[in-house]
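The values are calculated or read from the model by the stated rules, or taken from the named source; none is laboratory data. From a predicted model like this one, the values you see are computed outputs, not experimental measurements. Virtual Cβ from ideal backbone geometry, glycine too; neighbours counted across all protein chains shown.
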Amino acid sequence: MTGRTETWQQGLQIIRESPWVGLGFQADRIYLQLQHMHNAFLSAILQAGIVGGGALFLALTIIGFLIVKYFFIRPLRNKDLIPAEIPGIFFS
């Protein structure tokens, strides 16, 4: 997998230094010798800890729920009321 699993393993070891609040912005590049984590959740946990990773997970869960609700469960008659950014953010 192009070395990403090695980077993830190193990142998981570094996360143990400060698991709750993380090590700060761009910590993956500082602690992993200018490498990028290549994983949004691991990167969020490394930078902002379980608190920040949990916030990211919660936000994506809410967006996913809204997509399912507004497009499948109870579609609105007027689709113009749904911002196009909601699915765009979720699927990017």
Filtering region 30-85 down to residues that are of a type in the set (Lys, Arg) and surrounded by 14 or more Cβ atoms within 10 Å (Cβ to Cβ) yields none
Those residues of region 59-90 which are modelled with pLDDT under 75 and β-branched (Val, Ile, Thr), in sequence order: 82, 86, 89
Looking at 52, 64, 22, can you tell me which residue is part of a loop (DSSP other than H, G, I, E, B) and either touching a Lys or Arg at 6+ places or on another chain (Cβ under 9 Å) or of a type outside the set (A, V, I, L, M, F, W, C) (or both)? 22
Inter-residue pairs, beta-carbon under 9 Å, first of a type in the set (S, T, N, Q) and in region 64-77, second surrounded by 10 or more Cβ atoms within 10 Å (Cβ to Cβ), 6+ apart: none
Are any of the residues in region 56-64 among the small types (Gly, Ala, Ser) and more than 26 Å from residue 85 (Cα to Cα)? no
Among (1) in contact with a Gly (Cβ under 6 Å, 6 or more places away or on another chain); (2) within 25 Å of residue 91 (Cα to Cα); (3) among the β-branched types (Val, Ile, Thr), where does residue 21 come up short? (2)
